[in-house]
Amino acid sequence: MCVALAGCAAGQNAITPGPASTIRSATQIDLPLLAYLPTVDELKLMGEGTAELQVKCAARYGVTIDPQEPDMASISTRYTADRRYGIVNRDEVEQYGYESAPGQYHSPEKWEDPEQPFEVEVLSGTTEDGSPSQLQDKDGNTLPEGGCGLIGSKESSGGHPRSEWDVADVLLGEAWDRLLADPGFQAAEADWATCMSKSGYDFQHRWDAANSLTGDDPERSQDMALLDLDCAEETNYIGRAMAIDVAIQNQLISDNEASLRAALDIQKERLSIAKKALQ
């Protein structure tokens, strides 16, 4: 994917970040690349559309299945930037520490022991022993490799490969890599680490604080989270990081404008396909 994007080949040109805002809430984190991502509600619609297309595909092979519920808890976490720079909401930290507050979405129950015969086979394209499925449609065509799981996913994407519609998500990853290498961000990290060292901790990156926790000790976890956030606020770690990240992302958007516009068009197409599938 990276080879296809102009930002990967354009080199890491010098950036000039704007003023660092004081960030005290995740709602203040505003990144330019997020405008090119679908909203959580749109992702939910596309996930439900994919599931319905898989159901219709299974029916063509004589198998009745229920649509699989999309894991919106995981999807909503991935497609937001609330914790891109670490914990930020003090009220949540005081109550939950490093854990996330209960959200609107919950992960679906683990899918196992299907009630319908051939349910796993029709979705995966393989039998219990791993051999290719011999299920056939009314015309005698055998279920292709990948089964209706793959067929439904391809139909829901309009036949476009992921590399064409997932551009913004890939660029967010590239922006993060560039942020880590930026001297201004490294200075913010150093200031945060110095603050933490006053309490006896030797960390380099902010995520080291949470990663240092071992075992199940909620009180210690919450104490560490509060200290972590105290130092982030004292050094304006989040505001400084976002200012640099925004500058990097604006450059990447400029370098990849055509690919991002095309991805938005595909996103509209995928939404249209999902709506039609659910009618």
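Miscellaneous remarks
- Our coupling estimate for the stretch 31-44, obtained by passing each phi through the Karplus curve with A = 6.51, B = -1.76, C = 1.60 and θ = phi - 60°, is 10, x, 6, 5, 5, 9, 9, x, 6, 4, 5, 5, 5, 4 Hz, Gly and Pro reported as x.
- Dmax and Rg, reported as Rg then Dmax, of the stretch 131-279 (C-alpha, Å): 23.5, 73
- In sequence order, the stretch 213-226 has phi-based couplings of 6, 10, x, 9, 9, x, 5, 5, 4, 5, 4, 5, 4, 5 Hz under the Karplus curve 6.51 cos²θ - 1.76 cosθ + 1.60, θ = phi - 60°, and Gly or Pro positions carry x.
- Whole-Hz Karplus values for the stretch 68-85 come out as 6, 6, x, 7, 5, 5, 5, 5, 5, 5, 5, 9, 10, 10, 3, 10, 4, 10 Hz, taken residue by residue from phi with 6.51 cos²θ - 1.76 cosθ + 1.60 and θ = phi - 60°; glycine and proline positions read x.
- Amide hydrogen neighbours beyond the local backbone of THR126, cut-off 5 Å, H modeled: SER133
- Taking amide H as placed 1.01 Å from N in the peptide plane, the amide H of ARG83 sits under 5 Å from none that are at least 5 places away or on another chain.
- Share of carbon and sulfur in the accessible heavy-atom surface of the stretch 154-279 [1.4 Å probe, %]: 49 percent
- Calculated from the structure at hand, Rg/Rh (Cα atoms, Kirkwood Rh) is found among (i) 0.98; (ii) 1.21; (iii) 1.05 as (iii).
- Counted charge near LEU179, where neighbours are those whose Cβ lies closer than 10 Å (Asp, Glu -1; Lys, Arg +1): -2
- Computed [θ] at 222 nm, helices only, for the chain once each DSSP H run of length n ≥ 4 contributes -39500 (n - 2.57): -17000 deg cm²/dmol
The values are calculated or read from the model by the stated rules, or taken from the named source; none is laboratory data. Since the model is a prediction, treat every value here as computed from it, not as a measurement. As a convention, Cβ positions derive from the backbone with ideal geometry for all residues, glycine included, and neighbour counts pool all protein chains shown. Keep in mind that these areas ignore ligands, DNA and RNA; they rest on the heavy atoms of the full protein, side chains included. Shrake-Rupley method; radii C 1.70, N 1.55, O 1.52, S 1.80 Å.
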